[in-house]
1. For region 90-140, go through all pairs of different Cα atoms, get the mean of 1/r, take its inverse, and jot down that Kirkwood value in Å.
2. Return the long-range amide H neighbours of Phe20 (sequence gap of 5 or more, or a different chain), with a cut-off of under 5 Å between placed amide H atoms.
3. Using the Cα centre of region 1-117 as the reference point, and only Cβ charges (+1 on K/R, -1 on D/E), how large is the resulting charge dipole? Debye, rounded to the nearest 20.
4. Considering amide H positions built from the backbone, and no H for Pro or chain starts, which residues 5 or more places from Ile123, or on another chain, come under 5 Å of its amide H?
5. With volume of the Cα convex hull per residue in Å³ as the read-out, I listed [x] 605; [y] 120; [z] 96; which label goes with the value calculated from this structure?
6. For region 8-151, what relative contact order do you get, as a whole percent, if you take Cα pairs closer than 8 Å and at least 6 residues apart?
7. For region 1-56, count all C-alpha to C-alpha pairs, find those more than 15 Å apart, and express that count as a whole percent of the total.
8. Search the structure for amide H atoms under 5 Å from the amide H of Ile74, placed 1.01 Å from N in the peptide plane, and list their residues when 5 or more places away or on another chain.
Amino acid sequence: MEHNESAQLRIAFDGDAVLFSDASERIYKQQGLDAFSASEETSANEPMEGGPFKGFLAALHRIQAEYPSETSPICTALITARAAPAHERVIRTLRAWDIRIDEALFLGGMSKGPFLKAFGADIFFDDQKGHCDSAREHVATGHVPHGVANE
């Protein structure tokens, strides 16, 4: 595992069942990708409910707000398997929460590990074991045992 060489703490999060509730993930698991995509398009203007790490992200945001963005000691990223058109609801949700995220990658199901390496993450949180396995080759990884993927 390689480590970030900067003095900045770089924290990456998955979205569904980590930052956000697992309601959308449940639709995907129970009804498939087409139903998930249709639901996300229909609900694009409705912010998602918070997941177990929403409060942690909000606390990081409050620390970041004390610094100019270019000198913040913390950098956050959302690295999610979502893709267009499901990205719109994510962006609108973060805006509704008034939480800044520094980078957002919508991977459309691609392996997260290489992207975490490129971001230089110090730690990554995900609810799905498969994503954690890919990530831990490159970054300290925390499994979030929450949501439909862990039932």
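1. In region 90-140 this quantity evaluates to 12.0 Å.
2. For Phe20, the qualifying residues are Gly51.
3. About 100 debye.
4. When sequence neighbours closer than 5 places are left aside, the close amide H contacts are Arg10, Ala12.
5. Label of the calculated value: [z].
6. Values: 252 pairs, mean separation 44.4, N = 144.
Reported as a whole number, the value is 31 percent.
7. It works out to 59 percent of all Cα pairs.
8. The list, which skips near neighbours in sequence, is Leu9.
Read the figures in this text as sums done on the coordinates, not as results from a lab. Note that the structure is a prediction, hence the values are computed from the model and not measured. FYI the Cβ positions are ideal-geometry reconstructions off the backbone, even for glycines, and counts take in every protein chain you see.
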